[in-house]
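Let me begin by presenting the structure, written as structure tokens, before commenting on it.
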Amino acid sequence: MDTIDTIAAAAGLAWASGLRLYAVIFLAGLAGRLGWVDLPGDLDTLEHPLVLAAAGLMLCIEFFADKIPALDSLWDGVHTFIRIPAGALLAAWALADQSTPVVLAGALLGGSLTAGTHLTKAGSRIAINTSPEPVSNLIASTSEDGAAVGGLWLAFTYPIVFLGFLGVFLLCMLWLLPRVWRFLSDLLSWVAGKQAPG
């Protein structure tokens, strides 16, 4: 892989991990094992049957957990401590053939990208869950499934296109994230006011 391909693979893995970590590990590992893609760096670890089995099991659990309102937010809360370091690790492994400073920079940037994606996703889903109907949650979850799989595919097959989409996503995230957190802050203030005595 050339430098752009490797950067796109690292960024794609980190970005998609913020949405669907287990799907990313399973699909990347399976694609590498079947010879559909050439995984850069040390990512061939993802091809191991034990890793594929564990990721596949967790993928099935996450697929259903993410479709249930409130449970999806609980799942996201717990996975704040799993997705972000895993995204950093995947980005670092993708760059393992590079120098140590590049690998470290990749881990830092990859973890930050995963964190931004995860926090945007988790915050948006909490806002969506304030709606009493379940359809919007199901649509959001299914859209995230498609975005993670599609983004990962683009990162490995059309890296320049993926990096362009990633740039647009980052701009949208910078615009959306403060608004989501402001909404959540207002929601928490409202709930606290309702529960205050008197």
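Key figures
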{"quantity": "Gain upon complete extension [Phe63, Ser136; 0.36 nm per residue less C-alpha separation]", "calculated": "24.7 nm"}
{"quantity": "The chain, accessible area per residue, ligands and nucleic acids excluded (1.4 Å, Å²)", "calculated": "52"}
{"quantity": "Prolate/oblate/rounded call for region 43-96, Cα gyration tensor, a/c under 1.5 rounded", "calculated": "oblate"}
{"quantity": "Net charge of Cβ neighbours under 12 Å - reference Ala23; Lys, Arg +1; Asp, Glu -1", "calculated": "-2"}
{"quantity": "Within region 38-101: Cβ-based charge dipole about Cα centre, in debye rounded to nearest 20 (Lys, Arg +1; Asp, Glu -1)", "calculated": "240"}
{"quantity": "Per-peptide average of other Cβ atoms within 10 Å, ordering 64-74, 169-179 highest first", "calculated": "64-74, 169-179"}
{"quantity": "Overall Cα dimensions of region 1-118 - principal axes, largest extent first, Å", "calculated": "42, 30, 19"}
{"quantity": "Förster radius 41 Å - calculated FRET efficiency between Thr100 and Ala192 (Cβ-Cβ, nearest 0.05)", "calculated": "0.30"}
{"quantity": "Point-charge dipole on Cβ atoms (K/R +1, D/E -1) for the chain, about Cα centre, debye to 20", "calculated": "680"}
{"quantity": "Top positive-direction residue, dipole computed over the chain with Cβ charges, set Ile84, His48, Val191", "calculated": "Val191"}
{"quantity": "Kirkwood hydrodynamic radius of region 83-180, Cα pairs, Å", "calculated": "14.8"}
{"quantity": "Net lengthening on full extension, Ile160/Val78 (0.36 nm per residue, minus Cα-Cα)", "calculated": "26.2 nm"}
{"quantity": "Alpha-carbon centroid distance for the pair region 94-147 / region 1-78, whole angstrom", "calculated": "12"}
{"quantity": "Helix-derived mean residue ellipticity, 222 nm - over the chain, DSSP H n ≥ 4, -39500 (n - 2.57), to 500", "calculated": "-29000 deg cm²/dmol"}
{"quantity": "Portion, in percent, of the accessible area of region 43-127 that falls on carbon or sulfur, probe 1.4 Å", "calculated": "82"}
{"quantity": "Rounded to the nearest 10 Å², the accessible area of Arg33 at probe 1.4 Å", "calculated": "130"}
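The values are calculated or read from the model by the stated rules, or taken from the named source; none is laboratory data. What you see is a predicted model; the values in this text were computed from it and never measured. Virtual Cβ from ideal backbone geometry, glycine too; neighbours counted across all protein chains shown. Side chains included, ligands, DNA and RNA excluded: accessible areas come from the protein's heavy atoms. Shrake-Rupley method; radii C 1.70, N 1.55, O 1.52, S 1.80 Å.
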